[in-house]
Every structure is written in structure tokens, then in C-alpha cells.
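Read through the structure below, which is laid out as C-alpha cells, and then see the notes.
The values are calculated or read from the model by the stated rules, or taken from the named source; none is laboratory data. Here the structure is a predicted model, which means the values were calculated and not measured. Note that we place each Cβ from the backbone using ideal geometry, even for glycine, and neighbour counts take in every protein chain shown. Surface areas here come from the heavy atoms of the whole protein model, side chains and all, with no ligands, DNA or RNA. Shrake-Rupley method; radii C 1.70, N 1.55, O 1.52, S 1.80 Å.
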Protein chains: 2
Amino acid sequence: MWSPLLRELLQAFRVLPGVGPRSAQRMVLHLMLHNRTGGERLGHALLAALEQVGLCDQCRMLTEERLCPLCASTERDQSLLCVVENPADLIAIEQSVGYRGLYFVLMGRLSPLNGVGPTELGLEKLAARLDGGDIREVILATSPTMEGIATSDAISMLASSRGIAASRIAFGVPVGSELEFSDSGTLRHAFAGRAALGKDTAS
Amino acid sequence: MWSPLLRELLQAFRVLPGVGPRSAQRMVLHLMLHNRTGGERLGHALLAALEQVGLCDQCRMLTEERLCPLCASTERDQSLLCVVENPADLIAIEQSVGYRGLYFVLMGRLSPLNGVGPTELGLEKLAARLDGGDIREVILATSPTMEGIATSDAISMLASSRGIAASRIAFGVPVGSELEFSDSGTLRHAFAGRAALGKDTAS
């Protein structure tokens, strides 16, 4: 019942995460019947982005310009550098934390068995950046997994060998969760990382 | 934190039904980081379909050819014509019923207040098709709403004035539903449309 072009479009929509056969069908019918202008906009935006977007020269975030909007901004604190594994982590931090420094996006984490070493993560570029002299503190926000922790350890060594302070975001029980359902590793970290209560820690 | 091209792409993804800001972000990151080939395929398929797909000359289903695959098929029963409101209804019937006849897609239902009259629904084309002499029975599968029923009444008159049999799909309680939650209109139709039980109605 589908013509060849529509069958191909149905298949093509399946590349999107979370889109199964029924959603693909709904999307195709919606664009064909109710929003052709929107469909054209999507097609052109997609091809333009795929053709032009690469990585920021300085922080490896996705951008079509030499520097991403954050690196190009004059309003960010140039002395703070937060290291994240991927663009989604950067976005999560930007959307929730009042962080005003810069970032470095590893695009992965150390995983020798999968062929991901220092080169793949751009650690030479990061080291050169630390040599630049602007950075005062490196904030490690890699994931709380074995590989993420190994990655943050390697980067903290890069920082300390240059006399730059390094810190890691806290591992602990998620706010709003039930303590009894936290796994033992999380609880162990939460205990080890407990903070003294005083006037200045109230939030 | 998003570059201009990516911000435009995020917005463009929002034209898809069921896609909010978070899914759009997930789609953009997935295509940019993990499946650029799939993204290009989607972009090209979308623009090609939007440029070339129109309506079937005979049944008004979406297709880029003069006749859609169903109308062009030699294996369908040319004497049966099922009238539906939109392509999604045609697809639902094709996917579940063992129907082997042809279709006519109204692309709407009579709704004078919204400017949808016989012309918008292609009823002249449908009448000409009925005049052709091939059709033996018209099966009305418009929606069980006031406007859908008015539409099917109008078409059943087109058929009967030409001596062609017209039938309407049954309104009744959905299979697998709880009887107590059926609305009164549905129950009234289910009672009025009850079928005698006998050897030949067992399914």
C-alpha cells in the first residue's frame, strides 16, 4: 500500500532513537498530509547540519563554527574547565547547574579494550590547554563507572603535574531517591564523601 | 551551548508528532554522533518524498506515481470499493482485515462549517468511478462520528442511485473491551446491529 518513496521514508525514520514502525508511520503521514513546510524545513536543516557541523577547535563540542558558542563567549569564566564525556553531559550540566566556566568534551572515556585511548579522547589537546596558563581548576564530571573514574584519574594527573587544582563532582545518593534502593557502591561513596554540616553549607 | 545550525535542527525536529524538546535533543545528538549516514538518508528521503509524492489519480492515496500500488495491482478485486476518510484508515484496514478490494480515500469528511464539501472529498471523482461499471459493492468505512456518518450517508446515496450495493462496517463494542465502559451510543448500535448466531457466523 506504500509507494516506493514512502516506503523508503518509513525505513529512514527508523534511524531515530525511540521510533518504531508505528511512530514512523505517524510521522510520515503527519508530514505528508499536514505539515509539508515543516517537513522541508526538517530535511534541509538535517542535511545542512550533517554537512557543516564538526567539533569545536577548543573544547570538542558539536558546532559548525571554529569555536562553539560557549568557547566564543566573553562572559564565561576562563579559569574553570569542566571535563565531560559527551555533549549530552555538557547540556545536562548547562541546563541545571549555575556553572559559568568552560568545558572540554572527551567524546568517550578510556576503554583500551575498545580501542579508546588518550588520543581518541583528545588528551593532547587538553594537556596543551592546561599548559596555556588560563586554567585554575579542572572539574571532572565523567561518569561514575569504572572507565569514567579511570578517565578522571588520568586527567587529574595531567592537572596536578602542572600544579592545577582538580576536583571531581560528588558521587552519592541521588536527591529525591529512596535510600534503601541505593546500591552498596553508591552508599559507600556517599558515606566516604560526607560533608560537615554548618551555617555555610545550608542551601 | 547549541550552535545556530543545531539550534535550528532542534526546532525543526519539533514538527514531528510526539517529539518534545528532550526527544528532539536525543535525536539530534544521536544522528550527529552515532549515525550520520542514517541522518543523510533521512534528509534525502524526506525531501524526495515531499517533492514527488501526491495523490493517486484513481483513489487519492498518497503516491509519487500516477496510480498507487493497490490501484496498479492486478490481484485486487476490482468490484469492491472501500471508502475511508484518510490514508491511516486505509493502512489500518490493510494491516488487519483480509480485504482484497480497492479503496477510495476522501481525505476528510463532510464538514460544511469547516469548508469541507463534496468537492474537497473528491465525490465527483468517486461518482465517475461508480459510473465506470466495475464496482459491485461500496463498503463505507468512515468514522463513527456525526460527520463520518453524514459522509457515508451521502456516498451510500451516490451508490444506490446507480443501483450499486452499499454497506457500512459494523459499529459495536470493541473486541477485548469491558462492556460496562462502553458509551451508550456504542451500546445502542451494538444492540441494533446484533447478528443471529448460527453455523455460518462462527469465526
B:LEU47 passes all but one of (1) more than 19 Å from the chain's Cα centre (by Cα); (2) facing chain A (nearest Cβ under 7 Å); (3) surrounded by fewer than 17 Cβ atoms within 10 Å (Cβ to Cβ); which number fails?
-> (3)
Only one of (1) out of contact with any Phe, Trp or Tyr (no Cβ under 9 Å at 6 or more places or on another chain); (2) more than 10 Å from every other protein chain (Cβ to nearest Cβ); (3) of a type in the set (A, V, I, L, M, F, W, C) is not met by B:VAL84, so which one is it?
-> (1)
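If you check A:THR186 against the conditions, is it surrounded by 10 or more Cβ atoms within 10 Å (Cβ to Cβ) and assigned to a loop (DSSP other than H, G, I, E, B)? Steps first, please.
On the way: surrounded by 10 or more Cβ atoms within 10 Å (Cβ to Cβ): yes; assigned to a loop (DSSP other than H, G, I, E, B): no.
So A:THR186 fails the test.
Mind counting the residues in the stretch A:93-107 that are at the interface with chain B (Cβ under 10 Å from one of its Cβ atoms) and not hydroxyl-bearing (Ser, Thr, Tyr)? Even if it seems obvious, please write down each step before you answer.
Taking the stretch A:93-107 and keeping what is at the interface with chain B (Cβ under 10 Å from one of its Cβ atoms), we get A:93-95, A:103, A:107.
The next check asks that each one be not hydroxyl-bearing (Ser, Thr, Tyr); those that pass are A:93-95, A:107.
Number satisfying all stated conditions: 4.
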Within the set of pairs 6 or more residues apart or between chains, which connect a residue that is on the phi < 0 side of the Ramachandran plot inside the stretch B:113-124 to a residue that is part of a loop (DSSP other than H, G, I, E, B) and small (Gly, Ala, Ser) with Cβ atoms less than 8 Å apart?
-> B:VAL116/B:GLY108; B:GLU120/B:GLY108; B:LEU121/B:GLY108
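Scanning the stretch A:90-99 for residues that are in a helix (DSSP H, G or I) and out of contact with any strand residue (DSSP E or B) (no Cβ under 8 Å at 6 or more places or on another chain), which turns out most open to solvent (accessible area, probe 1.4 Å)? Write out each step before concluding.
Of the residues in the stretch A:90-99, the ones in a helix (DSSP H, G or I) are A:90-96.
Subsequent filtering for residues that are out of contact with any strand residue (DSSP E or B) (no Cβ under 8 Å at 6 or more places or on another chain) retains A:91-92, A:94-96.
Working: A:ILE91: 0, A:ALA92: 52, A:GLU94: 44, A:GLN95: 110, A:SER96: 91 Å².
Ranking the qualifying residues of the stretch A:90-99, first place goes to A:GLN95.
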Tell me, please, whether a residue that is within 14 Å of chain B (Cβ to nearest Cβ), surrounded by fewer than 18 Cβ atoms within 10 Å (Cβ to Cβ), of a type in the set (Ser, Thr, Tyr) and not in a strand (DSSP E or B) can be found in the stretch A:111-128.
-> no
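For the stretch A:150-167, does any single residue satisfy the condition of being without any contact (Cβ under 8 Å) to a residue 24 or more places away in the chain and in contact with a Leu (Cβ under 7 Å, 6 or more places away or on another chain)? Steps first, answer last, please.
Here is the first cut: in the stretch A:150-167, the residues without any contact (Cβ under 8 Å) to a residue 24 or more places away in the chain are A:153, A:156-157, A:160-161, A:163.
Checking the rest, the ones that are also in contact with a Leu (Cβ under 7 Å, 6 or more places away or on another chain) come to A:156.
Yes, because at least one residue in the stretch A:150-167 is without any contact (Cβ under 8 Å) to a residue 24 or more places away in the chain and in contact with a Leu (Cβ under 7 Å, 6 or more places away or on another chain).
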Since A:GLN52 meets every condition but one in (1) surrounded by fewer than 16 Cβ atoms within 10 Å (Cβ to Cβ); (2) within 21 Å of the chain's Cα centre (by Cα); (3) more than 7 Å from chain B (Cβ to nearest Cβ), which condition does it not meet?
-> (3)
Sort out which residues of the stretch B:135-153 are closer than 16 Å to B:GLU124 by Cα, open to solvent by less than 70 Å² (accessible area, probe 1.4 Å) and not hydrophobic (A, V, I, L, M, F, W, C), and write them in order of number.
-> B:THR151, B:SER152
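Which residue, of A:HIS34, A:HIS30, is farther than 18 Å from B:HIS30 by Cα, more than 7 Å from chain B (Cβ to nearest Cβ) and at pLDDT 95 or above?
Working: A:HIS30 fails: more than 7 Å from chain B (Cβ to nearest Cβ).
Testing whether each residue is farther than 18 Å from B:HIS30 by Cα, more than 7 Å from chain B (Cβ to nearest Cβ) and at pLDDT 95 or above leaves just A:HIS34.
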Pick from the stretch B:154-183 the residues that are open to solvent by 80 Å² or more (accessible area, probe 1.4 Å) and in a helix (DSSP H, G or I): which of them is modelled with the highest pLDDT?
-> B:MET157
Those residues of the stretch B:55-79 which are crowded, with 18+ Cβ neighbours inside 10 Å and hydrophobic (A, V, I, L, M, F, W, C), in sequence order = B:CYS56, B:CYS59, B:MET61, B:LEU62, B:CYS68, B:LEU70, B:CYS71
Checking B:VAL19 against (1) among the hydrophobic types (A, V, I, L, M, F, W, C); (2) closer than 30 Å to A:MET61 by Cα; (3) touching a residue at least 12 places away in the same chain (Cβ under 8 Å); (4) more than 7 Å from chain A (Cβ to nearest Cβ), which single condition isn't satisfied?
-> (3)
